[in-house]
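Reading through the structure tokens given below for one structure.
The values are calculated or read from the model by the stated rules, or taken from the named source; none is laboratory data. Fair warning: this is a prediction, and the values are worked out from it, not measured in the lab. Backbone-built Cβ (ideal geometry, glycine too); neighbour counts: all protein chains shown. Heavy atoms of the whole protein, side chains included, go into the accessibility calculation; ligands, DNA and RNA do not. Shrake-Rupley method; radii C 1.70, N 1.55, O 1.52, S 1.80 Å.
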Amino acid sequence: MKNTSAASHASSGPTLSRREFLYRAAAVGGTGLLLNTLNAWGASVGSTENGPPALSGDGKGKTIIILGAGLAGMTAAYELGKLGYTCRILEARDFAGGRCQTARKGFTLKEYGGEEQVCQFDEGQYINHGPWRIPYNHQSTLHYTKLFQVPLEIMVNDNDVAWVYREGAPGPLLNRRVRQLEIKADMRGHVAELLAKAVKDDKLDNELTVEDKRLLLNYLAHEGHLSKNDLKYRGGEGRGFKVYPGAGTDPGPGMESDPLGFKELLGSELGNVYSGVHEIWQQATMFQPVGGMDSIAKAFEKRVGKDIRYGTIVQAIRQQEDGVSIDYRDAVTGATGSVHGDFCLCTLPLSVMGSIANDFSPQFKEALRAAPYLPVGKIGLQMKRRFWEEDDFIYGGHIRTNFQGIGDITLPSTGWQSQKGVLLGYYNFASQATEISAMSLQERTDFALAAGQKIFPSYRESCEAAFSVAWHRVPYNLGGWATWTPEARKTAYPLLWQGEGRVLLAGEHMSYLGGWQAGAIESAWQQVAKIHQRMGA
């Protein structure tokens, strides 16, 4: 779709930075629109592979050094290990998984310049503060969840019953919470009525035959819940009832609720919160591992953990004619050392690579700086009562808001009808993520609670614990994910993809699946094949 109108407006109005534009995209359309915007800028998110490369040969006697025990590093170690290679994984943290993290009771995080944070959630409660959903078409991720028998459950990614709340929206819908199903039913009904009348009054007679008009009117009456007699839209069961029917001899009122006015909906732009067709990687239902996303990382760690040296901070990458040497420092003792291998696969974020000494060429060093990392923040709020279920009958999905720094409030897709639950209080990006990350931990919590209180009367009083993360301040990540401009994709990306000498790169940043676990996995698959070929096996 060409953005000619957008370009026209941009040329005549004030300019926006890429970060601010990303934030506004997320505020208007949630993370789906944000990722779609990144896709348009060259960070595609369509997975194309569903299994590792079929390789033959023997890597015995050869050592591969892997930097980082995230999903890319552990994928590579697992696949190379099957071929007989000796893999040595250097990991700065005391656990594996990289950004594939889940905060639960006792989990500790300390951001640069921040307080040490220990998760105080109850046993069994958690928040996926890293990756938190898997689309059906990321078959590479699903390959390993099936192979490693990681149980999955449905993640409710879209819920028609969830609230939409627009602060500052014009007209009578100002600061009023409305269910998505009401908006969808009413927008479709009003639009169908308009089109039906145009067809009936022969205003489209140059486009449609008599039979075409009859069939289209039937469709519009069905799609928009229009009266067959006068093609009027007066609401319908799809948008809910004023009072729901019950049991007994009296069916109860069963009165269909009154539709929102067409002009009100158009003026409030509430119709823009949904699309009739889901984005291919943002379906209504997605997957999540039972018990937390880090179940995937733990499944890998179970198989390659013997190869991981934890608490090992990479200091320098040096290449020789016969291999690669990695200088490191022990995170606990401060002792230094070096390890040598035939080849190196570096899966560290590009944002971290700038602090590591190396002997790369000037062109390669410049390419390493070509993809800045997006500031990203999340907060999990443990509620002592699942008021969204008990009071509002909402089971999972996103509460759509336009609150700056909040974006969508996401309800848990697990633990239905239990006493407590952890919801995602904000998911912010770019400049807003940077601003909120400067707050203290308590200030972040207060900020999230103040927003949610506008929608749910029990929000603040129900909160009993919080856990927040600002990925751009997290050591060994320094950002959510890499953002590539079209120009950088053309120049820097191919150079990095080829690697230099005996060093290759892998990770979500070395894929067109930016921000997704599938990007890390699939980049590792391809680089494993390249290493195997380069080693002459």
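Summary of values
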item	result
Residue identified as assigned to a loop (DSSP other than H, G, I, E, B), open to solvent by 60 Å² or more (accessible area, probe 1.4 Å) and modelled with pLDDT under 75 among Asn229, Asn206	Asn206
Selection count, the range 454-478, where residues are closer than 29 Å to Arg166 by Cα and either among the aromatic types (Phe, Trp, Tyr) or not in a strand (DSSP E or B) (or both)	12
From the options Leu424, Leu441, residue that is modelled with pLDDT of 95 or more and either of a type in the set (S, T, N, Q) or open to solvent by less than 10 Å² (accessible area, probe 1.4 Å) (or both)	Leu424
Residue satisfying all of: in the range 485-509; free of Cβ contacts under 8 Å to residues at least 60 places away in the same chain and within 30 Å of Lys60 (Cβ to Cβ); least open to solvent (accessible area, probe 1.4 Å) among these	Gly499
Residues of the range 23-70 that turn out to be within 25 Å of Thr483 (Cβ to Cβ) and either modelled with pLDDT under 95 or open to solvent by 10 Å² or more (accessible area, probe 1.4 Å) (or both), as a count	28
When residues of the range 492-537 are limited to those that are touching a Phe, Trp or Tyr at 6+ places or on another chain (Cβ under 9 Å) and of a type in the set (Lys, Arg), the one nearest to Leu55 (Cα to Cα)	Arg534
Residue within the range 97-106 that is closer than 22 Å to Met510 by Cβ, of a type in the set (A, V, I, L, M, F, W, C), outside any loop (DSSP other than H, G, I, E, B) and open to solvent by less than 30 Å² (accessible area, probe 1.4 Å) present	no
Condition broken by Leu381, with the remaining ones in (1) over 23 Å from Ala72 (Cβ atoms); (2) open to solvent by 30 Å² or more (accessible area, probe 1.4 Å); (3) of a type outside the set (Lys, Arg) satisfied	(2)
Residue match in the range 410-423 (condition: in a strand (DSSP E or B), farther than 25 Å from Leu109 by Cα and in contact with a strand residue (DSSP E or B) (Cβ under 9 Å, 6 or more places away or on another chain))	no
Members of the range 479-506 found to be under 17 Å from Ala370 (Cβ atoms), in a loop (DSSP other than H, G, I, E, B) and more than 21 Å from the chain's Cα centre (by Cα), listed by number	Gly499
